[in-house]
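Some notes on the structure that comes next.
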Amino acid sequence: IEILVRNGNYQLAGAKEESSRISSIFNGDLFLGDAATKSNFVENSSDYDMLHLAMHAIIDEENPELSNLIFGNDERLYLNELYKLKIPAHLAVLSACNTGFGKIKSGEGVQSLSRAFTYAGVKSTVMSLWPVPDKQTSEIMTDFYKHLKAGESKSEALRLAKLNYLENTQEAELKHPYYWAGFLI
(Lines give C-alpha, C1' and ligand atoms only; values in the text may rest on other atoms or scores of the structure.)
Protein backbone atom coordinates (compact mmCIF):
# COMPACT_ATOMS: atom_id res chain seq x y z
CA ILE A 1 0.00 0.00 0.00
CA GLU A 2 1.40 3.37 -0.98
CA ILE A 3 0.72 6.03 1.64
CA LEU A 4 0.92 9.72 0.89
CA VAL A 5 1.03 11.85 4.05
CA ARG A 6 0.46 15.56 4.55
CA ASN A 7 3.94 16.64 5.58
CA GLY A 8 6.41 17.66 2.91
CA ASN A 9 5.88 19.73 -0.20
CA TYR A 10 4.19 17.82 -3.02
CA GLN A 11 0.72 17.80 -4.53
CA LEU A 12 -2.02 16.29 -2.37
CA ALA A 13 -4.82 14.98 -4.57
CA GLY A 14 -6.89 13.98 -1.55
CA ALA A 15 -6.59 17.43 0.04
CA LYS A 16 -7.71 19.12 -3.19
CA GLU A 17 -10.70 16.81 -3.55
CA GLU A 18 -11.51 17.18 0.17
CA SER A 19 -11.49 20.98 -0.05
CA SER A 20 -13.73 20.99 -3.12
CA ARG A 21 -16.27 18.64 -1.54
CA ILE A 22 -16.36 20.54 1.76
CA SER A 23 -16.73 23.86 -0.03
CA SER A 24 -19.80 22.51 -1.84
CA ILE A 25 -21.31 21.05 1.35
CA PHE A 26 -21.27 24.46 3.05
CA ASN A 27 -21.28 26.61 -0.10
CA GLY A 28 -18.02 28.13 1.11
CA ASP A 29 -15.25 30.08 -0.53
CA LEU A 30 -12.54 27.86 -1.94
CA PHE A 31 -8.93 28.93 -2.38
CA LEU A 32 -7.05 26.44 -4.58
CA GLY A 33 -3.90 26.64 -6.68
CA ASP A 34 -2.69 30.19 -7.22
CA ALA A 35 -5.39 31.52 -4.85
CA ALA A 36 -4.13 29.35 -1.97
CA THR A 37 -1.64 31.95 -0.78
CA LYS A 38 -0.39 32.97 2.60
CA SER A 39 -1.48 36.58 1.99
CA ASN A 40 -5.02 35.47 1.06
CA PHE A 41 -5.21 33.52 4.30
CA VAL A 42 -3.83 36.32 6.46
CA GLU A 43 -6.10 38.94 4.83
CA ASN A 44 -9.28 36.85 4.89
CA SER A 45 -9.08 34.44 7.84
CA SER A 46 -10.90 36.80 10.21
CA ASP A 47 -13.90 36.97 7.84
CA TYR A 48 -15.01 33.36 8.32
CA ASP A 49 -16.74 31.44 11.08
CA MET A 50 -15.18 28.14 9.94
CA LEU A 51 -11.77 27.58 8.38
CA HIS A 52 -10.60 24.39 6.72
CA LEU A 53 -6.93 24.06 5.85
CA ALA A 54 -6.09 20.92 3.87
CA MET A 55 -2.37 21.19 3.22
CA HIS A 56 1.12 20.30 4.32
CA ALA A 57 2.41 21.23 7.77
CA ILE A 58 5.97 21.01 9.01
CA ILE A 59 6.66 20.71 12.73
CA ASP A 60 10.06 21.67 14.12
CA GLU A 61 10.43 20.03 17.54
CA GLU A 62 13.67 21.81 18.39
CA ASN A 63 12.55 25.30 17.32
CA PRO A 64 8.74 25.39 17.49
CA GLU A 65 8.64 28.92 16.05
CA LEU A 66 9.84 27.37 12.77
CA SER A 67 6.80 25.06 12.57
CA ASN A 68 4.66 26.13 9.63
CA LEU A 69 1.80 25.61 7.24
CA ILE A 70 2.76 25.45 3.56
CA PHE A 71 0.60 27.48 1.18
CA GLY A 72 0.84 27.66 -2.62
CA ASN A 73 4.21 28.54 -4.16
CA ASP A 74 5.90 27.17 -1.02
CA GLU A 75 4.82 30.18 1.07
CA ARG A 76 5.18 29.41 4.77
CA LEU A 77 2.99 30.69 7.61
CA TYR A 78 5.07 30.25 10.74
CA LEU A 79 3.89 29.62 14.28
CA ASN A 80 4.88 33.06 15.54
CA GLU A 81 2.97 34.69 12.67
CA LEU A 82 -0.17 32.77 13.65
CA TYR A 83 0.12 34.09 17.21
CA LYS A 84 -0.14 37.65 15.85
CA LEU A 85 -3.35 37.07 13.90
CA LYS A 86 -6.89 37.73 15.14
CA ILE A 87 -9.12 34.87 13.98
CA PRO A 88 -12.57 34.88 15.62
CA ALA A 89 -13.74 31.63 13.95
CA HIS A 90 -15.65 29.09 15.99
CA LEU A 91 -13.83 26.23 14.21
CA ALA A 92 -10.54 25.73 12.39
CA VAL A 93 -9.92 22.30 10.91
CA LEU A 94 -6.20 21.75 10.48
CA SER A 95 -6.27 18.89 8.00
CA ALA A 96 -2.51 18.43 7.83
CA CYS A 97 0.16 16.38 9.57
CA ASN A 98 1.05 16.82 13.23
CA THR A 99 -0.97 20.02 13.78
CA GLY A 100 -1.56 19.12 17.43
CA PHE A 101 2.02 18.00 17.98
CA GLY A 102 4.96 20.06 19.19
CA LYS A 103 7.53 20.71 21.85
CA ILE A 104 6.22 20.78 25.42
CA LYS A 105 7.19 24.02 27.14
CA SER A 106 6.99 24.10 30.92
CA GLY A 107 4.12 26.28 32.11
CA GLU A 108 2.75 26.74 28.59
CA GLY A 109 2.04 23.29 27.20
CA VAL A 110 2.43 21.97 23.68
CA GLN A 111 3.82 24.48 21.18
CA SER A 112 1.61 23.32 18.31
CA LEU A 113 -0.06 24.88 15.29
CA SER A 114 -3.42 24.10 16.92
CA ARG A 115 -2.42 26.05 20.03
CA ALA A 116 -1.44 29.03 17.86
CA PHE A 117 -4.91 29.04 16.28
CA THR A 118 -6.47 28.96 19.74
CA TYR A 119 -4.25 31.84 20.83
CA ALA A 120 -5.36 33.77 17.70
CA GLY A 121 -8.97 33.47 18.88
CA VAL A 122 -10.35 30.29 17.29
CA LYS A 123 -12.83 28.66 19.69
CA SER A 124 -12.02 25.06 18.73
CA THR A 125 -9.71 23.23 16.37
CA VAL A 126 -9.61 19.83 14.79
CA MET A 127 -5.97 18.78 14.87
CA SER A 128 -3.83 15.77 14.02
CA LEU A 129 -1.42 13.93 16.28
CA TRP A 130 0.76 12.30 13.62
CA PRO A 131 1.46 12.28 9.86
CA VAL A 132 -2.00 11.66 8.42
CA PRO A 133 -2.65 9.75 5.18
CA ASP A 134 -3.97 11.95 2.37
CA LYS A 135 -6.67 9.68 0.90
CA GLN A 136 -8.19 8.47 4.18
CA THR A 137 -8.08 11.96 5.71
CA SER A 138 -10.03 13.26 2.73
CA GLU A 139 -12.75 10.66 3.29
CA ILE A 140 -13.01 11.31 7.04
CA MET A 141 -13.02 15.10 6.70
CA THR A 142 -15.69 15.11 4.01
CA ASP A 143 -17.88 12.90 6.19
CA PHE A 144 -17.17 15.09 9.24
CA TYR A 145 -18.61 18.12 7.43
CA LYS A 146 -21.65 16.17 6.24
CA HIS A 147 -22.42 15.38 9.88
CA LEU A 148 -21.82 19.00 10.92
CA LYS A 149 -24.21 20.15 8.19
CA ALA A 150 -26.79 17.66 9.52
CA GLY A 151 -26.64 19.40 12.91
CA GLU A 152 -24.34 17.11 14.87
CA SER A 153 -21.95 18.63 17.43
CA LYS A 154 -18.30 18.87 16.37
CA SER A 155 -17.24 15.96 18.57
CA GLU A 156 -20.14 13.76 17.48
CA ALA A 157 -19.56 14.63 13.82
CA LEU A 158 -15.93 13.56 14.09
CA ARG A 159 -16.85 10.38 15.97
CA LEU A 160 -19.45 9.43 13.35
CA ALA A 161 -17.03 10.19 10.49
CA LYS A 162 -14.47 7.83 12.02
CA LEU A 163 -17.08 5.11 12.57
CA ASN A 164 -18.32 5.49 8.97
CA TYR A 165 -14.74 5.16 7.73
CA LEU A 166 -14.32 1.90 9.65
CA GLU A 167 -17.65 0.53 8.42
CA ASN A 168 -16.95 1.39 4.78
CA THR A 169 -13.32 0.27 4.59
CA GLN A 170 -12.90 -3.25 3.26
CA GLU A 171 -9.12 -3.77 3.57
CA ALA A 172 -8.23 -4.92 7.09
CA GLU A 173 -4.87 -3.11 7.12
CA LEU A 174 -6.62 0.22 6.36
CA LYS A 175 -8.69 -0.18 9.54
CA HIS A 176 -5.58 0.27 11.66
CA PRO A 177 -5.93 3.36 13.94
CA TYR A 178 -3.10 5.09 12.05
CA TYR A 179 -5.55 5.73 9.19
CA TRP A 180 -8.50 7.10 11.13
CA ALA A 181 -7.67 7.95 14.76
CA GLY A 182 -5.15 10.79 14.28
CA PHE A 183 -7.64 13.65 14.46
CA LEU A 184 -9.23 15.06 17.59
CA ILE A 185 -10.98 18.23 18.68
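Modelled label positions at Lys84 and Glu17, each set 7 Å beyond Cα in the direction of Cβ, lie 3.8 nm from each other. Taking the Cα centre of region 46-103 as reference, the dipole from Cβ charges on Lys and Arg (+1) and Asp and Glu (-1) amounts to some 140 debye. Scoring 132-141, 74-83, 48-57 by mean Cβ neighbours within 10 Å over their residues and listing the highest first yields 132-141, 48-57, 74-83.
Accessible area per residue for region 1-145, computed on protein heavy atoms with a 1.4 Å probe, is 48 Å². Just to confirm the number: angle between the C-alpha axis of helix 13-26 and the first principal axis of the chain, 0 to 90 degrees, nearest 10? For 13-26 against the chain, the angle is about 90 degrees. Spacing of the modelled spin labels on Asp74 and Leu30, each 7 Å from Cα toward Cβ, amounts to 2.7 nm. Relative to the longest principal axis of the Cα atoms of the chain, the long axis of helix 154-168 makes an angle of roughly 40 degrees.
A Förster distance of 30 Å, applied to the separation of the beta-carbon atoms of Leu66 and Glu156, puts the FRET efficiency at 0.25.
For a quick protection proxy, order the peptides 34-46, 106-118 by their average other-Cβ count within 10 Å, most packed first. Working shown, then result.
Numbers: 34-46: 15.0, 106-118: 18.5.
Ranked from most to least packed, the peptides come out as 106-118, 34-46.
Is it possible to state the helix-based mean residue ellipticity at 222 nm for the chain, with each DSSP H run of 4+ residues giving -39500 (n - 2.57), the sum divided by total residues, to the nearest 500 deg cm²/dmol? What is it?
Values: 7 runs with 69 residues, N = 185.
Counting only the DSSP helices, I get -11000 deg cm²/dmol.
Using only side-chain charges placed at the Cβ, +1 for Lys and Arg and -1 for Asp and Glu, the dipole size of region 19-62 relative to its Cα centre rounds to 280 debye. A simple charge model with +1 on the Cβ of Lys and Arg, -1 on the Cβ of Asp and Glu and nothing else charged puts the dipole of the chain at about 460 debye relative to its Cα centre.
The values are calculated or read from the model by the stated rules, or taken from the named source; none is laboratory data. Note that this is a predicted model, so its numbers are computed, not measured. Quick reminder, even Gly has a Cβ in these numbers, built from the backbone with ideal geometry, and neighbours come from all protein chains shown. For accessibility, only protein heavy atoms count, side chains too; no ligands or nucleic acids. Shrake-Rupley method; radii C 1.70, N 1.55, O 1.52, S 1.80 Å.
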